[in-house]
1. Inspect all residues belonging to the range A:202-225 and state whether any of them is in contact with a strand residue (DSSP E or B) (Cβ under 8 Å, 6 or more places away or on another chain), surrounded by fewer than 15 Cβ atoms within 10 Å (Cβ to Cβ) and within 30 Å of A:Glu588 (Cα to Cα).
2. Taking B:Ser261 as meeting all but one of (1) at pLDDT 95 or above; (2) within 13 Å of chain A (Cβ to nearest Cβ), write down the number of the exception.
3. Could you list, in sequence order, all residues of the range A:578-599 that are free of Cβ contacts under 8 Å to residues at least 60 places away in the same chain and open to solvent by 40 Å² or more (accessible area, probe 1.4 Å)?
4. How about the range A:226-270: which of its residues are assigned to a strand (DSSP E or B), buried (at least 17 other Cβ atoms within 10 Å of the Cβ) and either among the β-branched types (Val, Ile, Thr) or touching a Ser or Thr at 6+ places or on another chain (Cβ under 6 Å) (or both)?
5. How do the pairs read when you match residues in the range A:604-615 that are assigned to a loop (DSSP other than H, G, I, E, B) with residues anywhere that are polar (S, T, N, Q) and open to solvent by 10 Å² or more (accessible area, probe 1.4 Å), using Cβ under 7 Å and keeping only pairs 6 or more apart or on different chains?
6. Would it be correct to say that A:Pro296 is buried (at least 18 other Cβ atoms within 10 Å of the Cβ), at negative phi, of a type outside the set (S, T, N, Q) and not in a strand (DSSP E or B)?
7. Collect the residues in the range A:527-545 that are modelled with pLDDT under 95 and open to solvent by less than 30 Å² (accessible area, probe 1.4 Å), keeping them in residue-number order.
8. Of the residues B:Glu127, B:Glu149, B:Glu110, B:Glu75, which is under 30 Å from B:Asp272 (Cβ atoms) and either part of a strand (DSSP E or B) or open to solvent by 80 Å² or more (accessible area, probe 1.4 Å) (or both)?
Amino acid sequence: MTEANLSAGNGNGSPRIGVYVCHCGTNISATIDVVAARDVAENLPGVVLSREYKYMCSDPGQEIIKDDIRELGLDRIVVASCSPCLHEETFRNAIADGGLNPYFFQMVNIREHASWVHKDIKAATAKANDLIRAAVRRVRFHRPLEARRVPIDPRVLVVGGGIAGIHSALTLADAGKKVYLVEREPSIGGHMAMFDKTFPTLDCAACILTPKMTQVRAHPNIEVMTMSEVVEIDGFVGNYRAKIKHKPRYILEDACVGCLECIDVCVFRNGKTPDEFNLGLSKRKPIYIPFPQAVPQVVLIDPEGCIEFRTGRCKKTCVEVCAERNAIDFTQEETFSEVEIGSVIISTGFKAFDARRLPQYGYGRLDPVYTALEVERLVNASGPTEGEIVLRDGSKPKKVGIIHCIGSRDKNTNVHCSRVCCMYSLKLAHLVKEKTDAEIYEFFIDMRTGGKGFEEFMLRVKEEGVTMIRGKVAEVYPEAGNTGRVVLQAEDTFLGMVRKIPVDMVILATGIEPQADAEDVRRTFNISCSTGGFFTERHPKLAPVSTFTDGVFLAGACQAPKDIPDTVAQAGAAAAEALALIDAGHIELEPNTAFVVEEECSGCKTCVGLCPFSAIGYDEGKASINEVLCKGCGTCVAACPSGSIRQNLFEDEEIFEEIVGVMANV
Amino acid sequence: MSDKPKVAFYWCASCGGCEEAIVDLAEQLLDVAAAVEIVFWPVAVDGKRSDIEAMEDGEILATFINGAIRTTEQEEMVHLLRQKSQVLLAFGSCAHLGGIPGLANQFDRETILETVFDSTPSTVNPEKVRPQLEFTENGHSVDLPGFYETVRTLDQVTEVDYIVPGCAPTPNIIGGAVGALLSGDDLPPAGTVLAPDTALCDECGRKETKPEVVAISEWKRPHEVLIDEDLCLLAQGLVCLGPATRAGCGSLCIGANMPCSGCFGPTSRVRDYGGKALGAIASLVDSDDEAEIDKILAGIPDPVGTFYRYSLPASRLRRAPMERPLEVAAPKGE
């Protein structure tokens, strides 16, 4: 293609091009002179008609295109509007309705790429003109294509076995779909299993969670993999393959009946290792079960504490008592397995803020200071104190201070509001008061009780005599005179004075943060994170559980801080999205695959090793691309040294014409 | 006057190898010479520019021009020959892609003249004499052609009908081109390179010895290793540009146990030979670590001279950036 015949008329035959410039209300028209843009487009080679319209994506907007195709015989359409992510499909469908191949279409993003990011009307309009010119030049070379139809594997991978994962898994399994539920801890249940009561109804967390946990275990459609992590995923929507790492439990899961006799007879009379589930408030033995209702009801061995692992000379009383069940296996090693699935729900949950990062509150240094999660364990009937609120020194608190917003709403730690802390603080105030009758002071910045029954609950707790102080605690320090108490110093913004309140116990309402390895998960599943590190949904309003990777959905606090009802609602939504995908039976994929032009291929094999999806084979002196495996990344197309690999929708002519168009005025 | 078809040859910025290549046709040359009338071939046949100027437009059937366009005289001559010829052929890598002289596009004219007339160790030029466009003594004047800042390919100067690739074109390719012209039938569309349109691997005898994945941790230069005579040269860590280079030469260099250096240029589908060749070679580097990649690639000295050896003026880069790349000025002198 020489410059001479580029400028001569319409290039590829004589396409009849229609250009449509959208106002997007005022989103575009406030910054781009859409009438001028239409006029410029009208004079471009090959353009038969150019229009501007308030909302091209609306029904009337789409009708205009359809009518023009029929009446004027348009055979190429360019729409200059928003992002193709939003409306490419809308317009392709309209064009198909108008009787044209939907790929005789090019969308120009003059909203995100021009009007929204510029202020100068003249310059923004000039940029829009360049982008439209590029599309008009490109679209002449478009070829008719057909979307690929790929069947959807009905199996679903759920990553993370907290309440979000449990609810998604059960919803899908009840609908008859096979679910692989992967949990890295020894038991499913997540954070919710640690709670005693839930706000604002004060129903028992265990009573509502454990039945669901056992249902998961018993469900014929759910395969639970605990102590497991997804390490790799490849494929594409409808056809993913996940590689899962299984950490050794040193117990044969199928052989263990959960009698827990091995724990009783362990040579350690008392536990020596801080119990992770109780946040170190109690000790456990090297052979243990994380908590009584754990699912699976199977023990595990911690090789760092176990004498047999450390010395090889233990009496192995556990093995003796296990007898013919013979469930203990010290030789277990890490293993890997692979599952094939069509969609993925990520419900990896959150991490509680580490209160040590704010040393002014004394956590980890002053005995009376606890985190909220620790107090959840203290008030829990199956917790380290069997529900008694006993301080580290063995006494019962008479005065308790609760500090809100630890690691939330603070530019030094996290700017976001963790959404649940106000409510759980009120809940803990109520529970502690109920159990100890202590005087309770809540230090809050704002009381955020937006939720069903939340405000009512706050009023109830207030009536119970909890003192609410609006003010941020500046410091927690030991009371003079070695009393064992600590003083909370804060400005009471209602009274307009600094208050110093000595208390026996401080509860830090720690906020919600993304998991420490959220970045790894993000990369594994090829999704994105927003600035705070929580996973990004496809659209904050209209696609709240989808991601930019098709077939990968989000549920629960991995997406943003949320309480149990919201988490469950989202988990149900994610399951419904996966079901919608599965029940469609197949998915249409963008026909953007690469292909080898066989008679041009020299068989140099440069492409073979470069394909990230192993889609390229070599046979009888030529390369060939498996269309089903090709994801259209373009690596081989760019790499082919003889230019013998081409890619639909990204032909050289199309790309170079676009460049020529955009550079025309440079 | 004979009524045999008239043929002309002309030599622009090149080494002379292309003229040799015609002689290399050996006894085939006699057949050609018998079939045509050579009206102009400065290196071998007596003839003057004025003879050409006196011809009718289109009187010559075919003119073969080798060499890149570097001077005003070359430009004038190719325009003249274009006018007088029905078919104009770019003969050899320099006319086709710019060739070795095209590597001068990495520099500007002044740097080149300074190197040639002043700074090489073998130069003795204390008065800093430089060639002049015109020199007059005793009322007699002589002139020299102007020297452009930039070397161009033939098709950047005039319309080219066909291209005979190679440095120099191989006898089979020349024979094929001449045969096609004389028979006159089935001539391909204008602008066609008269050689197969696949890469050299297609006809390379070592093709099947190339592994599906080649991973190179150290590039070797031919003088550094004993080269296996059967194994794919890339698999031996030698920079062989066969994957990016048009076939048709009969893999002569590879047959002589030397890697392909790319003289036939790209296939018709490639817009920048060096970019593709570089991509093909770089993709074989066996590392994900940036520093290590740099180290491995440092094993290829002179990347421009390696990947753009024959094609810098025809590339997307064309030349090192400068303000007035086509200026013809009198070379500076005393």
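The values are calculated or read from the model by the stated rules, or taken from the named source; none is laboratory data. Just so you know, these numbers come straight off a predicted model, no measurement behind them. Cβ placement follows ideal geometry from the backbone for every residue including glycine, while neighbour counts extend to all protein chains displayed. Please note that ligands, DNA and RNA were not included when accessible areas were found on the heavy atoms of the full protein model with its side chains. Shrake-Rupley method; radii C 1.70, N 1.55, O 1.52, S 1.80 Å.
1. no
2. Evaluating B:Ser261 over (1) at pLDDT 95 or above; (2) within 13 Å of chain A (Cβ to nearest Cβ) leaves (2) as the failure.
3. Within the range A:578-599, A:Ala580, A:Asp583, A:Phe595, A:Glu598, A:Glu599 meet the criteria.
4. A:Val230, A:Ile233, A:Ile244, A:His246, A:Ile251
5. A:Thr606/B:Ser283; A:Cys611/A:Thr635; A:Pro612/A:Thr635; A:Ala615/A:Asn626
6. Criteria met by A:Pro296.
7. Result: A:Ile527, A:Gly533, A:Ala543.
8. Just a single option satisfies the conditions, and that option is B:Glu149.
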